[in-house]
1. What residues of segment 256-290 lie in the reach of a label at residue 243, counting those whose backbone N is under 16 Å from a point 7 Å from the Cα along Cα→Cβ?
2. Per residue, what volume in Å³ does the convex hull of the Cα atoms of segment 131-188 enclose?
3. For 267, 182, which order do you get if you count the other beta carbons within 10 Å of each Cβ and list the fewest first?
4. What distance in nm lies between label points placed 7 Å from Cα along the C-beta direction at residue 114 and residue 232?
5. What list of ³J(HN,Hα) values in whole Hz, one per residue of segment 362-370 in order, does the Karplus curve 6.51 cos²θ - 1.76 cosθ + 1.60 (θ = phi - 60°) give from phi, with Gly and Pro shown as x?
6. Taking θ as phi - 60°, what are the ³J(HN,Hα) couplings along segment 198-213 by the Karplus curve (6.51, -1.76, 1.60), each to the nearest whole Hz, with x for Gly and Pro?
7. What ranking of 144, 350 emerges when the number of other C-beta atoms within 10 Å of each C-beta is taken as an exposure proxy, fewest first?
8. For segment 262-370, which GluC sites (Glu not before Pro) pass both filters: DSSP loop (anything but H, G, I, E, B) and at most 12 other C-beta atoms within 10 Å?
Amino acid sequence: MVRKIDLDHSRFKRIVRGAIRRDLKSHIANGAMIARRGAKKISIPLPQIQLPRFVYGSNKGDGVGQGDGQPGDPVGGQPQPGQPGQGDAGEESGEHELEVEVTLEELAEILGEELELPRIEPKGKRQVTTEVNKYTGIRRTGPSSLRHVKRTFKRALKREIALGHYGPKGGTIVPIPEDMRYRAWEPKMAPQSNAVIFYMMDVSGSMGEEQKEIVRIEAFWIDTWLKSQYKHIETRYIVHDAEAKEVDEQTFFRLRESGGTKISSAYELCDNLIERDYPVDEWNIYPMHFSDGDNWSGGDTQRCLDILRDRMLPHINLFCYGQVRSTYGSGQFKGDLDSAFGDDERVITSDIPDRDGIMDSIRTFLGTGK
């Protein structure tokens, strides 16, 4: 039996999902919501949803709790007529927001539906096996929580029939300790897809705070989707100017650097980490690079192309390059990648002019289903 409150809750969840989908682009562009995330949930402000409220009825009877009074008299604790309140007067109506908690799994599902993202199919050999306990047998001993009621009853019934205590006219079935049967588990090896994401970001002088914020927002949504596709996922962070180094997540998005840009240093480091830590027959690998497109020389750009073609692409699922538009970046590197790998489905590039371009960039990266 379904309770009315359960129906109301389901209807409210559908309303919330519809409101999130309707304004998904603005939610994605709004980096503030990332700060509201917890371990498994995220709080999203939805100003369009109104909470239920009480309204006055047509009751003409006497009031209670306040004594005698006249319409318009202030409730206790409110300012008396003529007394100044706090703040200046204004003519605009207030903005009321309702914050709704949504699980990251629900958020990933909404993202996938709105962007029409295909489910990712991990490469067949890039799986590891993990031990999983499955209840596949029956034991004569075990805890009461694992007692198999049906098998216990059948055993007791057989015993009573054999003893002549139960027949066509019925009888009483009372299990004894010898009748008890319990579910038993056996460890089995089950395939489990693993994935690792390498986020590489240009932190040279031409990459400002807004460009890094765009990268931060896009990385969050990419993480949300990929975590819904894999049981286990690892994230590594690489920053580079003229040199590359691995950092933690906090440093990745807060590091202030300046100087020239040598993109090949990041690709070299990423390839070394893959070779050292991630056997290509066990991991689904996603290197993602974000830059404003400046590189210090054409020779280094050719070095990048060689590393991708000869060392990285044979071992990874997908290489993504997002070019964040900045005042000082030339944007040349994306054109070089497109010219070299325009027909290679393993290399995806996108142009991110501003925060409103994040959603299209995510669709471009993840729409291949790789």
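1. It comes to 256-270, nothing else.
2. 80
3. Fewest-to-most ranking of 267, 182: 182, 267.
4. 3.2
5. 4, 4, 5, 5, 9, x, 7, x, 8
6. Each residue of segment 198-213 in turn: 10, 9, 10, 9, 6, 10, 6, x, 7, 9, x, 5, 5, 5, 5, 5 Hz.
7. 144, 350
8. Passing sites in segment 262-370 are 345.
Only the coordinates and a few stated rules stand behind these numbers; no lab work does. Note that this is a predicted model, so its numbers are computed, not measured. So basically every Cβ, Gly included, is an ideal-geometry build from the backbone, and we count neighbours across all protein chains shown.
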